[in-house]
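The values are calculated or read from the model by the stated rules, or taken from the named source; none is laboratory data. Since we're looking at a predicted model, the values are computed, not measured. Only protein heavy atoms, including side chains, enter the accessible area calculation; ligands, DNA and RNA are left aside. Shrake-Rupley method; radii C 1.70, N 1.55, O 1.52, S 1.80 Å.
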Amino acid sequence: LVRIHPSTNKMEYKKLLREFSQINKLKFEYIYSTKLPLHTILRNVSFHVTSVSSVVIEALEFNVKSIVFSIRGKNYYQYLIDNNKVFFLNNTKSIINFFKNNNSNKIALLKSLKNKKINYIDKLSLNK
């Protein structure tokens, strides 16, 4: 799921919708996940990925761990990273490897997919 941040201005929102419409819609969902209440989404996902967001804290209330990929996110949530509640991974490849190489994360992801839960990504600007 991709959730467009509520503070996104109209021009940026329209640009994102144009870009999303050119991508295979079977691979992700962005309309309902943007409109639904955040807590509804957090109840049905296994992981949350963001550059930086207060959703990191909210996700923990639903036992959803987050991956932050910006230095700002790392600085904000260093105490949670130190306690293994949040993960800092600064590029797309390391995020993919996180799921590929870590059995406990892979198992959690596979279980979530089996239960029709889908990953939640609230930003599209992952560094490559």
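Rounded, prolate or oblate: which fits region 33-101, taking a ≥ b ≥ c as square roots of the Cα gyration tensor eigenvalues, rounded meaning a/c under 1.5, else prolate when a/b beats b/c? Mind showing how you got there, number by number?
Values: a/c = 1.67, a/b = 1.37, b/c = 1.23.
It comes out prolate by the Cα gyration axes.
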When each of Lys35/Lys85; Lys15/Lys100; Lys35/Lys74; Lys10/Lys85 is checked by Cα-Cα distance, pairs over 30 Å: Lys15/Lys100; Lys10/Lys85
Surface per residue (accessible, 1.4 Å probe) for region 1-44, Å²: 77 Å²
Region 1-76, relative contact order in percent, only Cα pairs under 8 angstrom and at least six apart counted: 26 percent
Mean separation of Cα contacts under 8 Å (6+ apart) over length of region 39-97, as relative contact order %: 30 percent
